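Heads up: the structure comes next, in structure tokens.
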Amino acid sequence: MPTTVPAYGSEAAERLASLADVTASDGALRRFLHGLPGVDAVGLDARAATLGTRSIKTSAKAYAIDLAISMIDLTTLEGADTPGKVRALCAKGVRPGDGAPRVAAICVYPDMVATARQAVADSGVQIASVATAFPAGRTALPVKLADTRDAVAAGADEIDMVIDRGAFLSGRYLEVFEEIKAVKEACARPTGTASDGEAKGATRSAPGGAAHLKVIFETGELQTYDNVRRASWLAMLAGADFIKTSTGKVAVNATPPVTLLMLEAVRDFHATIGVRVGVKPAGGIRTTKDAIKYLVMVNETLGEGWLSADWFRFGASSLLNDLLMQRQKLSTGRYSGPDYVTVD
Amino acid sequence: MSGKTGGRSHRNVKPEGQSGMNAVDRLSVFKTYKLFVGGKFPRSESGRVYEVTDAQGAWLANAPLSSRKDARDAVVAARKAFGGWSGATAYNRGQILYRVAEMLEGRREQFATEVAAAEGIPRPKAAARVNAAIDRWVWYAGWSDKVTQIAGAANPVAGPYFNLSTPEPTGVVAVLAPRDSSFLGLVSVIAPAIVTGNTVVVVASEQAPLPALSLGEVLATSDLPGGVVNILSGKAAELGLPLALHQDVNAIDLTGADGELAVELERAAAENLKRVLRPQPGDSGKGAWSADPGTGRMLALVETKTVWHSMGV
Amino acid sequence: MAFDYAPAPESRAIVDIAPSYGLFIDGEFREAADGKVFKTLAPASEEVLAEVAQASAQDVDHAVKAARKAFETWSALPGAERAKYLFRIARIIQERSRELAVLESLDNGKPIRESRDFDLPLVAAHFFYYAGWADKLDHASFGANPRPLGVAGQVIPWNFPLLMLSWKIAPALATGNTVVLKPAETTPLSALFFADICRQAGLPKGVVNILTGDGTAGAALVAHPDVNKVAFTGSTEVGKAIARTVAGTDKKLTLELGGKAANIVFDDAPIDQAVEGVVNGIFFNQGHVCCAGSRLLVQESVADELLDALKRRMATLRVGDPLDKNTDVGAINSAEQLARITELADAGESEGAERWAPACDLPSSGYWFAPTLFTGVTQAHRIAREEVFGPVLSVLTFRTPAEAVEKANNTPYGLSAGIWTEKGSRSLWMASKLRAGIVWSNTFNKLDPTSPFGGYKESGYGREGGRHGLEAYLAPSSPKGEHA
């Protein structure tokens, strides 16, 4: 296996460049993506379900809860978002309470980045911003790039972009590839605007000030697992730092099998090229029990090396409180209640 | 070789009882009865024959007295034919079985004569049995593309799987043909075995093998691939054991084995867990083989294969 | 800090095992006629779980007599009434499934995840399925008014004790037969608990009789002159002996015996699911599975890739305490079986195959064998021909579909096979060529009460499950032309 480099390094760029023939033309890219092993849906579902039966108790559960909290991209993506709402969320993310670790990031719309940036200050919590006309992605490329640059300029450490599902489903893979590459370039930060979070280096940070790029597939719209595997490779080839399941805005969001499949794609990409990519399931993960199932999948598919916020995130809003309540239960032996965690 | 001579009345144009040479009488041409193995007509490798007589003891012919090596060769031929025959379409197998009936139809006279002599029954009765045997080929010919539908199943398993059970031929089947029904009984055990794609090695009735050996001639001209049906004449007691012990035989039909031999052969068949058809009470005596044959014999010589396939996008 | 799963043991307290058990004959527990007993162990710890009566030929005779007597009334009951008894049994099994799962894992050594999620749900489902047949036999395509055979003598193995019991008893009772069943010597307990379920269900006495004991009790049962039907699941060797025993009798016989299934992986397989299928195919239930995919036939062009993935996956298998909910591979059922597995694995090595097993800590007491695979195996090696009945996988390669078929079929067995390819037409072509009673395509080791199960060739004859499973317990209505 090649030595490991993270997807955001310059070395990763070199390795990806060595695969240029794969992305040299629409035809070449299609042949490559369609040459990936197929996915048997029944088998994948069954494997995810079996991993879901793992029984994580006592010390393992305590470990998993704190790990899960530290991996949360605490999210608010509402039309009704206000600076006050965002500041409250940031405060919760920075100090969830009772000695729980801080979350990984606060995830907001681009126009809330500056507010969030200020609110998290030097806590080490990252600011993630959705971009590229989230969630539908239905605008012209220049608009998407402007959206991205705005968010980066406002201090976003991480950009969560959506792919053009229409282009993907109609087979225009190279178009999707080029768009991801363009957005990745737009993630570069103009010199002198590096964020505080990066300066703290609390989580892995982008060298040269570039924001990390998470690529959202909206797996609920891609429908088939074969499509998800192709999209995973497509995004990783284009330089994604993370691959992410969903926007949280459609009927079907993150599911264990889809996430397992993406973990497998990341594993294979790493085994082949040596470039390490992160995974972020988002949408619909609300309970501690669910979160632990995901951690079990990471543990048994990619191993310990991926069990950190650098390589795995939960895109979630209500999950944090459930984790905090379970945490209280573990420490006190009593079941907690919603009045004992904050509503933000 | 001993016994009476002067039989074979059906072959002499001259009435029996007369003797001496008469210039106007034509001397008949005897048929040399041979085995039917792999689509060819060999003599027994042993060079042995035995005397076949009619019910009154009159000499009819010398039949090959097959050896265990003949049985072995027949199994090899049957195994060789299995892939092609079991892989043929059901429609094709049905056409061929029907072709057998067509070929027999034109030779009813010959078989009626042979059956009358072999079983010691009046000519009209023999003719009726031949007719029944021909009709039995037609009955089984029609089953070729239906047996899967009555013996198969679509199984509603509790999960995302397509699940289908289908009958498949067991393989090479050794058949000890009925002792006292030289043709109708014979056809009644061969046809249900081969219609589903099995290939067979048949030991004809020891006392009355001639209709069976003649059947070989019909089968050879009925588009039936060589080796699908192999016919041996000889002693069930001699041929039964090597067949029952043969590791490349998948099933054995003991219809023509008497009590003790049947037990011995069933025990021997356990060595490689052959499927065993025990002799049935209704297989001999009055009215045997005349009843509706049902599906039992066909279904006893098939294996149910169940295929699961995941169903997902 | 690593994500180490803390022990998550299922509570033993849910099951109350008595110090000793008698034979269940004619509705009551009684000591063996000669007073003999034997001990049953927990294979994971070698702890004695209970003492059980050892049936003799005399006990067999008593049980057969009880079953014969019960047959008169049981077979005369309307099918709808028999159905209701079976439905009751199915429901009680569901109610007591947690208790039975723990018991099964204790006595057998299998992981609680499997006894809980596989064995017990299938046991209940099997009774439900056949319950529904009891009053519909006229519609089962075995002629109008098919009749039961009489007393069924049934001998079952230790790998799925309660599941195999359900496969035997459910169709037998649904069709109006009565039963004398002998569970395996090393796993008698769940059958004895089933006797208690019969009591709770109010099943008439003598309809089900349970005789614990060793092979001699089984042999006596099979040979008993008043048994009309023999059903056996177990080794091919014993199956042949039984076939010899019943030769010349009127007993109807079904045998479900050994296997050496090929799990065939093509270069266009869904690779991650194929790896899971291969792992599940051979390490499920410690490989104590007659239909286990003990031969991996992998297309040479993907062999390296698949083997790497397989080894990586095997390294995540959790071997240990069967009652821990996170255990994937439990204990080998007995010292005897462990010795056999060890002997064959050693033969694999000495015959030149290359042995590999992931690093795993095995408990110090009990019977254990690490998940093992052999590469460089050829058809000539013993581990490629003989049934190991343990967590040992032999890896062979092939170049073309025709070669895969030839190698897969090149065995005296013919129970099951697996095919992994994304090409539907090839999958169906392969399925038609494989000489095996069950072919799994892009899946493996799936069982269902509606799906007939049973082998070709030396894997036995007759089918269990589905409509086909009724045939073994019915006499056709018109004897002429129908086979026994």
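Numbers for the structure displayed
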| read-out | value |
| --- | --- |
| Top positive-direction residue, dipole computed over the range C:171-308 with Cβ charges, set C:GLY293, C:GLY259, C:ASN280 | C:GLY259 |
| Positive minus negative residues near C:TYR473 (Lys, Arg vs Asp, Glu; Cβ under 9 Å) | +1 |
| Charge context of C:SER75, other residues only, Cβ under 13 angstrom, K/R +1, D/E -1 | +3 |
| Calculated on alpha-carbon atoms, Rg and Dmax of the range C:9-80 in Å | 16.6, 47 |
| Chain pair A, B: total accessible area buried, heavy atoms, 1.4 Å probe, Å² | 400 Å² |
| Extension reserve of the C:ALA140-C:GLU99 stretch, reckoned as 0.36 nm per residue once the Cα distance is removed | 11.3 nm |
| B:LYS40/A:ARG31 FRET efficiency (R0 45 Å; Cβ-Cβ; nearest 0.05) | 0.25 |
| Cross-link partners of A:LYS289 among lysines (Cα-Cα below 18 Å; sequence separation of 8 or more within a chain) | A:LYS57, A:LYS61, A:LYS280, A:LYS329, C:LYS325 |
| Cα-based helix-to-principal-axis angle, C:57-76 vs chain C, degrees rounded to 10 | 70 degrees |
| Accessible surface, per residue, of the range B:51-195 when the full set of protein chains is kept, probe 1.4 Å, Å² | 38 Å² |
| Space enclosed by the convex hull of the alpha-carbon atoms of the range A:279-344, per residue, Å³ | 98 Å³ |
| With all protein chains modelled, accessible area of A:MET325 [1.4 Å, Å²] | 40 Å² |
| Dimensionless Rg over Rh [the range B:76-195; C-alpha; Kirkwood] | 1.10 |
| Partner chain coverage, peptide C:466-476 - average Cβ within 10 angstrom | 2 |
| Cα centroid of the range B:84-163 to Cα centroid of the range B:194-226, whole Å | 12 Å |
| Computed log₁₀ I(q)/I(0) - Debye formula, equal Cα scatterers, no solvent, chain B, q 0.10, 0.12, 0.14, 0.16 Å⁻¹ | -0.56, -0.78, -1.03, -1.32 |
| Greater than 21 Å apart at Cα, pairs in B:LYS235/C:LYS251; B:LYS34/B:LYS69; C:LYS65/C:LYS252; C:LYS168/C:LYS407; C:LYS168/C:LYS446 | B:LYS235/C:LYS251; C:LYS168/C:LYS407 |
| Long pairs among B:LYS274/C:LYS433; A:LYS144/A:LYS214; B:LYS274/C:LYS457, criterion Cα-Cα beyond 18 Å | B:LYS274/C:LYS433 |
| Top of B:PHE82, B:PHE36, B:PHE162 by mean-square fluctuation, Gaussian network on chain B, Cα under 10 Å | B:PHE162 |
| Helix C:189-201 vs. chain C, principal-axis angle (Cα, 0 to 90°, nearest 10) | 40 degrees |
| Only Lys, Arg (+1) and Asp, Glu (-1) charged, at Cβ; chain B dipole about Cα centre in debye | 460 debye |
| Electrostatic dipole magnitude of the range C:262-449 [Cβ: Lys, Arg +1; Asp, Glu -1; Cα centre; debye, to 20] | 440 debye |
| Centroid-to-centroid separation of the range C:22-41 and the range C:292-370 [C-alpha atoms, Å] | 37 Å |
| Rg/Rh ratio calculated on Cα atoms of the range C:342-484 (Kirkwood radius) | 1.06 |
| Three principal axis lengths of the protein assembly as shown [C-alpha, angstrom, descending] | 133, 73, 55 |
| 222 nm mean residue ellipticity, helices alone, for chain B (DSSP H n ≥ 4; -39,500 (n - 2.57); rounded to 500) | -12000 deg cm²/dmol |
| Paramagnetic reach from C:THR378 (point 7 Å along Cα→Cβ, amide N under 16 Å) across the range C:334-360 | C:348-354 |
| Projected-area mean, the range A:17-56, by convex hull of Cα positions, square nanometres | 4.8 nm² |
| Expected 222 nm ellipticity per residue - DSSP helices of 4 or more, -39500 (n - 2.57), all of chain C, to 500 | -11500 deg cm²/dmol |
| Value at 222 nm in deg cm²/dmol, rounded to 500, when DSSP H runs of n ≥ 4 in chain A each add -39,500 (n - 2.57) | -14000 deg cm²/dmol |
| Estimated FRET transfer efficiency when R0 is 30 angstrom, pair A:ALA49-B:GLU271 (beta carbons, to 0.05) | 0.10 |
| Mean separation of Cα contacts under 8 Å (6+ apart) over length of the range C:1-111, as relative contact order % | 29 percent |
| Relative contact order of the range C:37-77, defined on C-alpha pairs under 8 angstrom at six or more residues apart (%) | 27 percent |
| Ranked by how many other beta carbons lie within 10 Å on average, peptides C:144-156, C:453-465 from highest | C:453-465, C:144-156 |
| Part-to-part distance (alpha-carbon centres) for the range C:440-474 and the range C:151-208, which is given in Å | 19 Å |
| Cβ neighbours within 10 Å from other chains - mean over B:151-164 | 5 |
| Separation of the A:ALA251 and A:ALA188 label points, Cα + 7 Å toward Cβ, nm | 4.3 nm |
| Inter-probe distance in nm under a simple model that places probes 7 Å from Cα toward Cβ, at A:ASP111 and A:ARG95 | 3.1 nm |
| More than 22 angstrom apart: percent of Cα pairs within the range C:262-449 | 42 percent |
| Estimated distance in nm for a label pair at A:ALA24 and C:ASN410, the labels positioned 7 Å out from Cα along Cα-to-Cβ | 4.2 nm |
| Under 13 Å, Cβ to Cβ, from C:THR400 - net charge with Lys/Arg +1 and Asp/Glu -1 | 0 |
| Along each principal axis, Cα extent of the range A:5-340, largest first, Å | 60, 48, 35 |
| Gaussian network model of chain B, springs between alpha carbon atoms under 10 Å - residue of B:GLY287, B:GLY234, B:GLY83 with greatest fluctuation | B:GLY287 |
| Test item: Cα-centred dipole of chain C, Lys/Arg +1 and Asp/Glu -1 on Cβ, debye | 1580 debye |
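The values are calculated or read from the model by the stated rules, or taken from the named source; none is laboratory data. Only a predicted model underlies this, so the values are computations on that prediction, with no experimental measurement involved. Glycine gets a Cβ as well: all are built from the backbone with ideal geometry, and neighbour counts include every protein chain shown. SASA here: full protein model, heavy atoms, side chains in, ligands and nucleic acids out. Shrake-Rupley method; radii C 1.70, N 1.55, O 1.52, S 1.80 Å.
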